[in-house]
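One structure is given here, and the rest of the page talks about it.
The values are calculated or read from the model by the stated rules, or taken from the named source; none is laboratory data. Everything quoted here is computed from the prediction, not taken from an experiment. Heads up, the Cβs are rebuilt from the backbone with ideal geometry, glycines too, and the neighbour counts pull from every protein chain shown. Remember, those area values only see protein heavy atoms, side chains included, never the ligands or the DNA or RNA. Shrake-Rupley method; radii C 1.70, N 1.55, O 1.52, S 1.80 Å.
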Amino acid sequence: MAQTNVAPNSSRVPTTPKEYVTVFARHELGGRIRPIAYRLDGGDPVKVDSITDERQAASLKSGGQGMRYTCRVTIEGVLSEVYLFHDEADWFMEPIVHQGGSVANAEPLHLQLRRKRREAGLSQNEAARMLGMDVVAYCRLEGGAGEISEAMLLTLHL
């Protein structure tokens, strides 16, 4: 059963239990921490292939806040992405589910949109005009905030 978090002045937010992991990390001078691998309870270590993003963020699925690392990992030959959160002394993991479900080796739609726009040699303003939308709304789509349809991708495919 899902837990709920209650933030001040807000409604209840359903969350899922945290999946705590053991993380092997490199601690650099200056205090920067870089995860190298993680291990689920009783499982084999999973090597972090690359870190594509690192920022302070809240976990919307299981609650909590801390440094969030967007990591690419290869598990049984399948490329996947996970969030590793460093929340004070603990580490926990969330799988990243892209629009349209979790598909192995699938490029997220917002990255496909950006790639197709660049391949077409279009600016964000030009792409927004082609799609009949405001440039700010288009930039949000490219940033991963918003629903992207296959028709949008086809419109930019010249």
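Restricting to the stretch 78-101, what's the tally of residues that are at pLDDT below 80, more than 12 Å from the chain's Cα centre (by Cα) and open to solvent by 70 Å² or more (accessible area, probe 1.4 Å)?
The qualifying residues number 1.
Could you grab me the full set of residues in the stretch 56-77 that are open to solvent by 70 Å² or more (accessible area, probe 1.4 Å) and under 11 Å from the mean Cα position of the chain (by Cα)?
Result: ARG72, single match.
Taking into account only those residues within the stretch 21-43 that are within 20 Å of ILE96 (Cα to Cα) and modelled with pLDDT under 90, which is surrounded by the fewest Cβ atoms within 10 Å (Cβ to Cβ)?
Taking the candidates together, the pick is ASP41.
Could you please let me know if TYR138 is free of Cβ contacts under 8 Å to residues at least 40 places away in the same chain and of a type in the set (Phe, Trp, Tyr)? Write out each step before concluding.
Details: free of Cβ contacts under 8 Å to residues at least 40 places away in the same chain: yes; of a type in the set (Phe, Trp, Tyr): yes.
Answer is yes for this residue.
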